Structure formats: C-alpha cells, structure tokens
Amino acid sequence: MSTVALTVAGSDPSGGAGVQADLATFGALGAYGTAVLTALTAQSTAGVAGIHVVPPDFVAQQLETLLDDVEVHAAKTGMLATAEVVGAVADVLGRRPVQHLVVDPVMVATSGDRLLPEDAVEAVRDRMLPLADLLTPNLPEAAVLLGTDVAGSAAAMEEQARGLQELGAGAVLLKGGHAAPGPDGGGDVLDVLVDADGSAHHLLSPRLRSRSTHGTGCVLAAACAALRPQRPSWLTAVEGARRHLARAIAEGERLGVGRAARAGRGHGPVHHHAGWWDAETGAPLVGAGAP
C-alpha cells in the first residue's frame, strides 16, 4: 500500500504555501496526498489580501468523511485560522488519532501577514500541542506559545523546545531560520530537534541567500510527515526533510513565479519539485527520488 499523507490547512492560490505546497511536497517525496481545507486565502507573492474561513463543522465533516474511508499514515496541520476551527480539528483527531501527526503552528506568513488571532493561538497551545507527535515552530512562534522572548542561542532554543514538550508536544523541531544572519548575510542556520525521549540534536545547514522563501515552513512540515512512515525515526525524517527544503530554496528563484517577487517586492515560492525537474530546462528527470 502507498504511503498516504494528509494536510489540514488553508489554500494558497499562488501555489507557494498551504495545501497546494503540501500536496506537491507529498508527491515529490513519494506519498499520496489528501487534504482538508480550513480556509481560503486571497494571496500572491506580494502577500495575503484576504482570508475566508471554512465553517468549523464542515472542516470536521471533511475530516470524518476522509478518515471513514482512507487509511492515513501521517498528517500535518498548518493554518487553522480560528479557535473554532482548531477546536473542530482537535475534537476529531483526539477521537480518531492519526499516526505521525505533525503540527505546524502557523501564525504569520512569510510576507509578515498575521494568520492566527490570539484566541486561536491559545487553542493551538491547549488543544493541538498535546496531539502533536512532532511540533515544528519557528523562533517567533515558539516564543508566542511559551509567552517568552525569542531564543537567541542554541542553549535557549533547546530549553524552549523542552518547554514546548512540557505543554504536551512529543518531539519538537525548533526552526532557527528567523535568527539574524551573519555580517555578510550568510552563516549557518541551526534547527534543534528534541525527541520524545528527551535526546537533543543540533542540526546545522548553510544559510541560503534567496527571496524564494514563500512556503518554507509548510514544505518542511509536509516533508516531515511524508517521510516519517518511510523512515525509522523523526531524526531521519527531519534530516531528509531539511535536505529537500534546502534544494527547494536553492532552485526556487529559477521558477520566476510572481511579478512582485521578481521585482523584489515579495517572496517567490520554493521549488516544490526540485530534484524532479531539471534546474535549467524545467524538463522532468528520470529516476529522481527522495533525499
């Protein structure tokens, strides 16, 4: 049977983030993708112009109907929009747990647009964190969830990851991409993974200079979900997901998607199918595979 992955998230009509990015990532990494929509957005590489929330009872109906028929091997949640939608998703997944649940506590888009009101942040903290097998916050999101300052060191990142575990999360991947770059705009990016057993892993990778960063959080969380049923641990799944994201960022600007992004007024998408398309010609590659 094929690996089946589920995304519970909002729609991004530009294709860079949200459900569209998740489904593309699932497919690129060998998983069949399914989706439950929580919100529709009016969005482009310039930013978010509007959000239309799907009624919570219909979000729940989508989930229930899917789980009645399809065996889901891994899932991720992204933009949940409102406290009521968070509650609807948590109610269903609490009664009908999905193995390998990745919770990406999406609060702010790459453009800076806020995607989650304060009461929804509290609902994510109280309802979704205890369900998470892997939580994937960035530095500002971790600080909001913990009610503290943004971590400024590797030790502080590890401490905050453990603090999020105390709120109920299983493994925590605290993403360091929002940390200040080096003087030349480069340096390394540190992500800290603390496993459910308490072991900590400090994962370094070179910082890539690119404006094609729209959808990075979505892609990383989706990649973790797609790879976990195919890998023996969260560590090996996260390592593969980080390699996929690095390749997707590195090749993103070759896509040339979005007038705003091309003009430097927005953020272009990462290349969800990097490794499957030829970087120069865009032609499909034969024999490509997961990182």
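Quick notes on this one:
- Per-pair calculated FRET efficiency, R0 = 22 Å: ALA143 and GLU118 via Cβ, rounded to 0.05: 0.95
- Couplings 3J(HN,Hα) of region 200-211, computed from phi: 10, 10, 9, 10, 9, 8, x, 6, 9, 7, 7, 9 Hz, in residue order, whole Hz [Karplus 6.51 cos²θ - 1.76 cosθ + 1.60, θ = phi - 60°; x for Gly and Pro].
- Cα centroid separation, region 190-248 to region 50-123 (Å): 21
- GNM result for the chain, Cα springs below 10 Å: residue of ALA49, ALA222, ALA120 fluctuating most strongly: ALA49
- Stokes-Einstein D for region 27-73, Kirkwood Rh over Cα pairs, 4 °C, 1.567 mPa s (µm²/s): 101
- Charge dipole (debye, nearest 20) of the chain; +1 at Cβ of Lys and Arg, -1 at Cβ of Asp and Glu: 840
- Choice from HIS272, HIS100, HIS178 showing the highest fluctuation, given a GNM over the chain with Cα pairs closer than 10 Å: HIS178
- Value of D in µm² per second that Stokes-Einstein yields for region 126-235, Kirkwood Rh from Cα pairs, at 20 °C (1.002 mPa s): 148
- Förster radius 41 Å - calculated FRET efficiency between HIS52 and LEU167 (Cβ-Cβ, nearest 0.05): 0.85
- Label assignment, Cα extents along the principal axes in Å derived from the structure, set (i) 54, 49, 47; (ii) 59, 35, 35; (iii) 47, 41, 40: (iii)
- Additional length obtainable on full extension of the chain from LEU204 to ALA260, 0.36 nm per residue less Cα span: 17.1 nm
- Efficiency of FRET from Cβ geometry, GLN99 and GLU64, R₀ 25 Å, rounded to 0.05: 0.90
- Helix-only [θ]222 nm of the chain, DSSP H runs n ≥ 4, -39500 (n - 2.57) each, per residue, nearest 500: -10000 deg cm²/dmol
- Region 187-237 gives an Rg/Rh value of 1.01, both radii derived from C-alpha positions and Rh following Kirkwood.
- In plain terms, the chain from TRP276 to ALA155 could stretch by 39.8 nm, reckoned as 0.36 nm per residue minus the Cα-Cα distance.
Rule-based calculations on the coordinates, nothing more; no lab input. Here the structure is a predicted model, which is why all the values come from computation and not from measurement. No Cβ is skipped: glycine too gets one built from the backbone with ideal geometry, and neighbour counts run over all protein chains shown.
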